[in-house]
Number of protein chains: 2
Amino acid sequence: MSAGTVYGVGLGPGDPDLMSVRADRLVRGAKNIAYFRKKGRMGQARQIVEGMLRPDVKEFAMEYPVTTEIPVDDPRYNEILAEFYESCTSYLRQLSRLEDDVVVLCEGDPFFYGSFMHLYSRLKGKVPIEVVPAITGMSGAWTATEQPITWGDDVLTVLAGTLSEYELTKRMAETDALVVMKIGRNMEKVCRSLKASGKYNDAWLVEYATMHQQTVRKVTEIKEEIAPYFAIIVVHGQGRRP
Amino acid sequence: MSAGTVYGVGLGPGDPDLMSVRADRLVRGAKNIAYFRKKGRMGQARQIVEGMLRPDVKEFAMEYPVTTEIPVDDPRYNEILAEFYESCTSYLRQLSRLEDDVVVLCEGDPFFYGSFMHLYSRLKGKVPIEVVPAITGMSGAWTATEQPITWGDDVLTVLAGTLSEYELTKRMAETDALVVMKIGRNMEKVCRSLKASGKYNDAWLVEYATMHQQTVRKVTEIKEEIAPYFAIIVVHGQGRRP
């Protein structure tokens, strides 16, 4: 008896034209798709593939039971999410047992801070599973700034805005090139760290990179206290350039 | 009078199926292509697009005058390379003046340690120029290890193997997730730093990620003193996972 394959398909930064040829083919051919989203939203991953799906596709929306309502260091946060991932996994295993392939739509690259990893770690070894890498959101962001991110021997550090102000500042100060993800409500803290580390004047904020709403601004021009979830901060390296 | 556009097109890690839909379209439609290569070789970028090109395509191979013959800290290295980039640039400007578009084939993502940046910085503002981001070699490498690279708040540090042993060791010790590029002749030094930083037993060496020659091995199993240019070391983060 054969089993269906679970494909973790990276969609890239947002522009469907930047999906890989393989991702494009898998999405257009999919009989079953699954994707994460916040309750009451269409979901960014689902939005990206709008207009590309088979008319008879079966959709499975995996709605986060919590996003920012409970702090991540609350033990209940992990419990609730673990239960959620278990129930998603169980549905995907069921599809696989029925010999149905399913394409899990992933924003960015599935193995780079992606939610799909929580399904992958539970499914690996139990069902056939394949991951299709993709262009990361940060590649989309630094391309939008129209400047290379790393030259020569430049060190690149990627930080989550959820880190402590101390950690952020220390690591920002020590790197050549910098990317900050997961900014959202951490915008003010991230800005204080950029200032303290001497990187503030060279930092760019890119929102919705490669999408039609894309904006690219110097961080010094930002007035908002909360950045959208799809915002990425970029500081370019200044390494060797013959 | 209109001018031709210079496209810096990222080809991704090597598998043509992982090129973006846009890159695929630009490569297949190109009347002019240009690419870097080592003298006497076909060149990795050119190899990736084999079988995809128009029969009447005009090819411009940009052959590095030096690669490892002169150390990078020798002042002649910069001089020779600067002259080389100037001459490539002048050819691309000429094409643009003739209203011809040209696709510059770039391995990986053009703005991430890519040679195209040296043309881009010379052409920007002078001719119409567009950059197409791509899947990085490191995304190809961590996907090949079948393990996510970053979870939760993991810090990712990307290092060039050309850094000093002291720098490598210090930065390896301080990070959660690690990628080392440009390994080649620096393999022994990189291994000493991995040992000194406590990351040696968890490090993977991926060669030719996503290509048919792909190999994935624990670094502890490596006997060779020189890794191929297309080798990437990966150490996975161990962050929060509900």
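Check the straight Cα-Cα distances from residue A:170 and name the lysines below 19 Å, setting aside those fewer than 8 residues away within the same chain.
A:182, A:189, A:195, A:199, B:170
Summing Lys, Arg as +1 and Asp, Glu as -1, what charge do residues with Cβ under 12 Å from the Cβ of residue A:36 carry, residue A:36 excluded?
Once positives and negatives cancel, what remains is +3.
Any idea what % of Cα-Cα pairs in the protein assembly as shown are farther than 38 Å?
In whole percent, the long-distance tail amounts to 23.
On average, how much area does the Cα convex hull of segment B:6-135 cover when viewed from any direction, in nm²?
Mean projected area of the Cα convex hull: 7.9 nm².
Average partner chain C-beta neighbours within 10 Å, per residue of B:71-78?
1
Just the ratio, please: alpha-carbon radius of gyration of segment A:71-160 over 2.2 N^0.38 Å, N its number of residues.
Segment A:71-160 yields a ratio of 1.42.
Label-to-label distances across copies for residue B:202, with labels 7 Å out along Cα→Cβ, in nm, shortest first?
So the distances to the same position in the other copies read 2.9 nm.
Among DSSP beta bridges lying fully in the protein assembly as shown, give the percent that are antiparallel, nearest 5.
The antiparallel proportion sits near 35 percent.
Using the alpha carbon gyration tensor of chain A, what are the three equivalent-ellipsoid semi-axes (square root of 5 times each eigenvalue), largest first, in whole Å?
34, 20, 16
How do B:121, A:115, A:2 rank when sorted from fewest to most other Cβ atoms within 10 Å of their own Cβ?
Arranged by neighbour count, lowest to highest, B:121, A:115, A:2 become A:2, B:121, A:115.
Using only the Cα atoms of segment B:1-40, build the gyration tensor, take square roots of its eigenvalues as a ≥ b ≥ c, and label the shape rounded, prolate or oblate: rounded if a/c is under 1.5, else prolate if a/b is larger than b/c, else oblate.
oblate
Put +1 on the Cβ of every Lys and Arg and -1 on every Asp and Glu Cβ in segment A:118-242; which of A:179, A:125, A:232 then has its Cα farthest towards the positive end of the dipole?
Checking the options against the dipole of segment A:118-242, the answer is A:125.
Does segment A:138-235 come out rounded, prolate or oblate by the C-alpha gyration tensor, with a ≥ b ≥ c the root eigenvalues, rounded set by a/c under 1.5 and, if not, prolate when a/b is larger than b/c and oblate if not?
oblate
What list do you get for A:207, A:221, B:99, B:63 if you sort them by fewest beta carbons within 10 Å?
With the sparsest Cβ surroundings first, the list reads A:221, B:99, B:63, A:207.
Per-residue counts of other Cβ atoms within 10 Å, averaged by peptide: what ranking do you get for B:6-16, B:138-148, A:157-167, highest first?
Numbers: B:6-16: 26.5, B:138-148: 24.5, A:157-167: 18.5.
Output ranking for B:6-16, B:138-148, A:157-167: B:6-16, B:138-148, A:157-167.
Kindly give the distances from residue A:61 to its copy-mates, label point to label point, with each label point 7 Å from Cα along Cα→Cβ, as nm values to one decimal ordered shortest first.
5.5
What is the mean number of Cβ atoms from other protein chains located within 10 Å of the Cβ atom of each residue in peptide A:3-12, rounded to a whole number? Numbers along the way, then the final one.
Details: counts 0, 0, 0, 0, 0, 1, 0, 4, 0, 5.
Counting other chains' Cβ atoms within 10 Å and averaging over A:3-12 gives 1.
No lab work stands behind these numbers, since they all come straight from the coordinates. Bear in mind the structure is a predicted one, so any value in this text is a computation, not a measurement. Here Cβ is always computed from backbone atoms with ideal geometry, including for glycine, and neighbour counts include all displayed protein chains.
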